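**Q** Have a look at this one.
The values are calculated or read from the model by the stated rules, or taken from the named source; none is laboratory data. All values derive from a computational prediction rather than experimental measurement. Positions of Cβ are backbone-derived with ideal geometry, glycine not excepted, and every protein chain shown enters the neighbour counts. Note: accessible area is taken over every heavy atom of the protein model, side chains too, but ligands, DNA and RNA are not part of it. Shrake-Rupley method; radii C 1.70, N 1.55, O 1.52, S 1.80 Å.
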Amino acid sequence: TFVLIVALGGICGLATNRLRQRRNSPLREMRRALREGEFRPFYQPIVDHGARRWKGVEVLMRWDHPSEGMIPPDQFVPLAERGGLIVEMTRELMQQVGRELTPHVEALPSDFHIGINVSAEHCNGSALIDDCRDFLSRFPGGQIALVLELTERELLVRSEHTDHLFAQLHQLGVRIALDDFGTGNASLAYLRQFRVDYLKIDRSFVQMTDDDALSQHLLDTILTLSSRLELDTVAEGVETTAQRDYLTRHGVRYLQGFLYARPMPLANLLETLAHPPAA
Ligand code: C2E
Ligand code: CA
Ligand code: CA
Ligand code: CA
């Protein structure tokens, strides 16, 4: 067993080690990748359980590396944030999503949500509002709704600037989802100030449906809180029918997870959306 664990550890560490061993620093390697268009959108559908239809997608970034293969975001997003590259990468991602989705807009359900993960740094200056305006200008019929996912792990500090920014986003019709809800400590005042429309319950809480009574109690507290706030709730990381049943019984309407679909490239997404959700 010991040998096996070491071997697995070796394989899992391989991609990062190779990146580290490059003569180029990881940040320079990311700048190169950005120029080459190697950061690609994957899409994970979100289900409207009550209506038995697809509500939208979350866009999840992948690094399609020429020699390392598909690299997941945990391995490069934090570095991109620290290195000041994330805003440019997100802008590029939004442009790609806009470009590749517009030809298929007729195939999308009405009021289709497109969720983009946004880092706190993007909320400085006017970059975010410009990027959202550019994105929405590709969908002049208003067939889609743009949802920005802001993580509760990285709470924004309120200022005149953020007040103005969120008012402008609101005017554009952009909706805000508080991501990883339950892992941070956003207050009711915070949710109001930032005009949050959706709460996304973190996967770690969704997994608690399977655990002991104490964990379930914690999950119930989160669910009660979100229903009291009268915000629409999305549960992420739904993997089993037991989890689905527990969540829907407790008033969660929107579900996202491997039970329904994994993150996938556009071609597969279009096939998936052609049929109603199975589970
Ligand atoms: P997140 O925003 O919480 O995204 C949900 C993550 O859960 C995704 O991981 C998704 O693939 C995964 N997931 C969805 N359903 C299930 C499930 O049923 N079971 C399990 N085990 N996992 C599930 P992914 O794609 O690896 O992304 C990880 C994180 O990287 C994201 O967490 C987000 O914080 C960050 N990220 C991804 N794309 C971007 C981006 O474009 N910009 C920024 N700033 N961050 C991004
Ligand atoms: Ca997210
Ligand atoms: Ca969210
Ligand atoms: Ca999460």
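**Q** If you take the Cα Rg of the chain and divide it by 2.2 N^0.38 Å, with N the number of residues, what do you get?
**A** 1.04
**Q** Give me the Å³ per residue figure for the convex hull around the C-alpha atoms of region 223-279.
**A** Spelled out: Cα convex hull of region 223-279, divided by residues, is 86 Å³.
**Q** Relative to the compact globular guide of 2.2 N^0.38 Å, what is the alpha carbon radius of gyration of region 34-93, as a ratio?
**A** After normalising by residue count via 2.2 N^0.38 Å, the value is 1.36.
**Q** Could you check how much of the accessible area of region 137-209 is carbon and sulfur, as a whole percent, using a 1.4 Å probe?
**A** 46
**Q** Something else about it: Grab the alpha carbons of region 180-230, take their convex hull, and tell me the volume per residue in Å³.
**A** About 70 Å³ per residue, rounded to a whole number.
**Q** Compute the Kirkwood hydrodynamic radius of region 101-161, taking the inverse of the mean of 1/r over all pairs of distinct Cα atoms, and give it in Å to one decimal.
**A** Kirkwood radius, region 101-161: 13.2 Å.
**Q** To the nearest whole percent, what portion of all C-alpha pairs in region 159-257 is separated by more than 24 angstrom?
**A** In whole percent, the share of Cα-Cα pairs in region 159-257 beyond 24 Å is 26.
**Q** Would you please name the trypsin sites (Lys or Arg not before Pro) within region 123-163 that are DSSP coil residues with at most 12 other C-beta atoms within 10 Å of their C-beta?
**A** Filter output for region 123-163: Arg153.
**Q** Still on this structure, I have one more. Highest mean first, how do 93-101, 217-225 rank when packing is the count of other Cβ atoms within 10 Å averaged over residues?
**A** Result, highest mean first: 93-101, 217-225.
**Q** Counting only Cα atoms, I'd like the Rg/Rh figure for region 76-226, Kirkwood definition for Rh.
**A** Rg divided by Rh gives 1.00.
**Q** About the Cα centre of the chain, how large is the charge dipole given +1 on each Lys and Arg Cβ and -1 on each Asp and Glu Cβ? Please answer in debye to the nearest 20.
**A** 540
**Q** So what are the radius of gyration and Dmax for the Cα set of region 155-208, in Å?
**A** Just the Cα atoms of region 155-208 yield Rg and Dmax of 12.4, 39 Å.
**Q** Can I ask one more? With a 1.4 Å probe and every protein chain left in place, work out the accessible area per residue of the chain in Å², rounded to a whole number.
**A** Solvent-accessible surface per residue comes out at 50 Å².
**Q** Only helical DSSP H runs with n ≥ 4 go in: add -39500 (n - 2.57) per run for the chain, normalise by residue count and round the 222 nm mean residue ellipticity to 500 deg cm²/dmol.
**A** -13000 deg cm²/dmol
**Q** If you stretched the chain out fully between Leu172 and Ala267, how much longer would it get, using 0.36 nm times the residue separation minus the C-alpha to C-alpha distance?
**A** 31.3 nm
**Q** Another question about this same structure. Roll a 1.4 angstrom probe over the protein heavy atoms and tell me the percent of accessible area of region 42-126 that is carbon or sulfur.
**A** 49
**Q** Please list, by residue number, everything in region 193-209 whose backbone N is under 17 Å from a paramagnetic label point 7 Å out along Cα→Cβ of Leu218.
**A** 201-209
**Q** So how far, in whole Å, is the C-alpha centre of region 201-234 from the one of region 74-111?
**A** Cα centroid of region 201-234 versus Cα centroid of region 74-111: 29 Å apart.
**Q** Quick one: grab Rg to one decimal and Dmax as a whole number for region 74-122, Cα atoms only, in Å.
**A** Using the Cα atoms of region 74-122, the pair Rg, Dmax is 13.4, 39 Å.
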